Amino acid sequence: MTSNAPAHFSLLVVDDEPDLRTLYELTLLREGYDVESAGSVEEALLHLKDRTYSAVITDMRLPDGSGLDLLAKLEQGGRRERAIVITAYGSAENAVEALKAGAYDYLTKPVDLRQFRSVVASALGRAPQTAPTVVPSSLPSEGGAVAARPAAREQSRPAPPDLTRPDAPSLSTSQPAEIVPLALRRLSGHSAAMQQVRSLIEKVARSMAPVLVQGESGTGKELVARAIHDVSPRASQPFIAVNCGAIPEHLLEAEFFGYRKGSFTGAAEDRDGFFQAAHGGTLFLDEIGDLPLAMQSKLLRVIQERSVRPIGAVTEAPINVRVLSATHKDVAAEVQAGRFRQDLFYRLNVIQIRVPPLRERADDLAPICAALLERIARDSGVSPPPTLSREAFERLAHYPFPGNVRELENLLHRAVALSGGDVIERDDLGLADDVLIETDDAELDARIAEAVAMPPPASAHSLPSDLVHHLDEVERDILTRALERHRFNRTAAGASLGLSLRQMRYRMARLGVLVAGTDSGD
Ligand SMILES: Nc1ncnc2c1ncn2[C@@H]1O[C@H](COP(=O)(O)OP(=O)(O)OP(=O)(O)O)[C@@H](O)[C@H]1O
Ligand SMILES: [Mg+2]
């Protein structure tokens, strides 16, 4: 039996109506799962005391409490069960509440059994049962506007670490020893804001909750969306990114929902839309604020009903897609102005991740420069990656980057090409004096020190109260930065610090520095 065989999964069904309980039980038993049931919160908790389940499916309204109470207990107990909550029809609020409280997904009454099976399978990380009905084809946007691009399968995932080896690190931080997905690794920066973004990504990745990523242009919104997908159990399924502003209005419906042969002039064959293409995976709606009102209603309907009817098709097909969206607009203001549907906003904005502009997270400038230079050098076959001179970095730190990380990336691209050497000098940046702004000198010095890899001047005043702890902190920070700089390749990071892989491993294990996974260099 493989680990994905149905009998491997055990489910707890919680509902006070015996008829419904029986219906759910029978449906799940027929799928081959192991099923137990309870009629109240209290009874459910008794079951949960004795054993762990793969998932808990609970009604929202129970005689002695609500499904949310059960969710809260699961969260508090750090339990691994995924929770699916069944809410009354039309109570979007409850559904949103449940997702915010950590539910994996929700279903509305009356429960459509096909959808029920599909949501449970998805919660268990099994392949979606309901395949799209339309003949798969290339996406409808070939050669046209920037619209959809299936996730490049760039992440050839390295094998997990062999923890049986005697020198293997004991991964002592809160994270399990799993691979850090590429998109998450690409999100450089150790500002508090960035750390919060990363931890939110990991938190929301577990559920189906819609996430709205907000931020100025070029801040990394798409990278955040990709990271959510990459960390999620859907990582091996498609990630379809759609730029809502780039599709002509009259093509939107066909692009999103697909069409059937002959449904309109020019429809020479059946075509999938973005929703079918993203089936089992994630649909990323970029620039959602640009979607016209008429299309907003249709999108809302699909999200609510979780089924899609291609143009010209007679029936709707259930769809299992997680929706992420992004915008640089203030959508709440768009709602006020009547340009964005309130109910759609409410559905998409269940969880919000704000990516701050680069100028608000000055601490990120140095690590992001290092990461971008590495990437640029690698792409153009330059080795080792160029570094920034002190004067060059100082100039960058005085520039407000209205185009954020994307602008920084373009600027460094140009600078690398212009400099042609190992060190990028200030004139290679091509930044005129009049675009620069004042920056606090003391803070800037610290940042420059980091960017040009010089130790900051030791302060004569502050002596650590606990030297051992202090030195550990310093070492931990250095290891982390070296790992970030070397794309988490422990061999390379170690070598850059004059350490062998074995020494590097020992130190990382001792300090609890997590690198989730090994890499080709190990
Ligand atoms: N924290 C980061 N570390 C490293 N690279 C980053 C970071 N944030 C963004 N980038 C890079 O900057 C570029 C822009 O990022 P992305 O496309 O995700 O931004 P966006 O907010 O979607 O931009 P736009 O508004 O222009 O669509 C990408 O090449 C991305 O890889
Ligand atoms: Mg974008």
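The values are calculated or read from the model by the stated rules, or taken from the named source; none is laboratory data. Everything quoted here is computed from the prediction, not taken from an experiment. Glycine gets a Cβ as well: all are built from the backbone with ideal geometry, and neighbour counts include every protein chain shown.
Some points to look at:
- Within the range 207-233, being more than 10 Å from ligand 2 (Cβ to nearest atom), under 18 Å from ALA332 (Cα atoms) and touching a strand residue (DSSP E or B) at 6+ places or on another chain (Cβ under 6 Å) holds for PRO210, VAL211, LEU212, GLN214.
- If the condition is being within 15 Å of ligand 1 (Cβ to nearest atom) and crowded, with 24+ Cβ neighbours inside 10 Å, then the range 198-211 contributes ILE201, VAL211.
- Tallying residues that are assigned to a helix (DSSP H, G or I) and under 21 Å from the mean Cα position of the chain (by Cα) within the range 345-373 yields 10.
- Residues of the range 300-330 that turn out to be within 22 Å of ASN94 (Cβ to Cβ), out of contact with any strand residue (DSSP E or B) (no Cβ under 8 Å at 6 or more places or on another chain) and not polar (S, T, N, Q), as a count: 3
- Hits in the range 463-477 (condition: under 26 Å from SER496 (Cβ atoms) and at pLDDT below 75): PRO464, HIS469, HIS470
- If you filter the range 268-327 down to residues that are modelled with pLDDT of 95 or more and of a type in the set (Ser, Thr, Tyr), you find that the one that is farthest from ligand 1 (Cβ to nearest atom) is SER297.
- Selected residue (only one of ALA83, ALA88, ALA44 is buried (at least 21 other Cβ atoms within 10 Å of the Cβ), touching a Lys or Arg at 6+ places or on another chain (Cβ under 9 Å) and hydrophobic (A, V, I, L, M, F, W, C)): ALA44
- Criterion violated by VAL335 - all others in (1) more than 26 Å from PHE488 (Cβ to Cβ); (2) part of a helix (DSSP H, G or I); (3) within 16 Å of ligand 1 (Cβ to nearest atom); (4) not aromatic (Phe, Trp, Tyr) satisfied: (3)
- Of GLY245, GLY262, all but one fail to be within 16 Å of ligand 1 (Cβ to nearest atom) and at pLDDT below 95; the exception is GLY245.
- When residues of the range 286-305 are limited to those that are touching a helix residue (DSSP H, G or I) at 6+ places or on another chain (Cβ under 6 Å) and within 26 Å of PHE116 (Cβ to Cβ), the one nearest to ligand 2 (Cβ to nearest atom): ILE303
- Of note, ALA235 does not satisfy the criterion of being within 16 Å of ligand 1 (Cβ to nearest atom), within 28 Å of SER207 (Cβ to Cβ) and either surrounded by fewer than 23 Cβ atoms within 10 Å (Cβ to Cβ) or not polar (S, T, N, Q) (or both).
- Selection count, the range 215-232, where residues are buried (at least 24 other Cβ atoms within 10 Å of the Cβ), within 10 Å of ligand 1 (Cβ to nearest atom) and under 17 Å from GLN196 (Cβ atoms): 6
- Residues of the range 275-310 satisfying the condition of being in a helix (DSSP H, G or I), under 28 Å from PRO110 (Cβ atoms) and not aliphatic (A, V, I, L, M): PHE275, GLN276, GLN296, SER297, LYS298, ARG301, GLN304, GLU305
- Meets criteria (of a type in the set (Val, Ile, Thr), within 16 Å of ligand 1 (Cβ to nearest atom) and closer than 28 Å to ARG126 by Cα) for ILE353: yes
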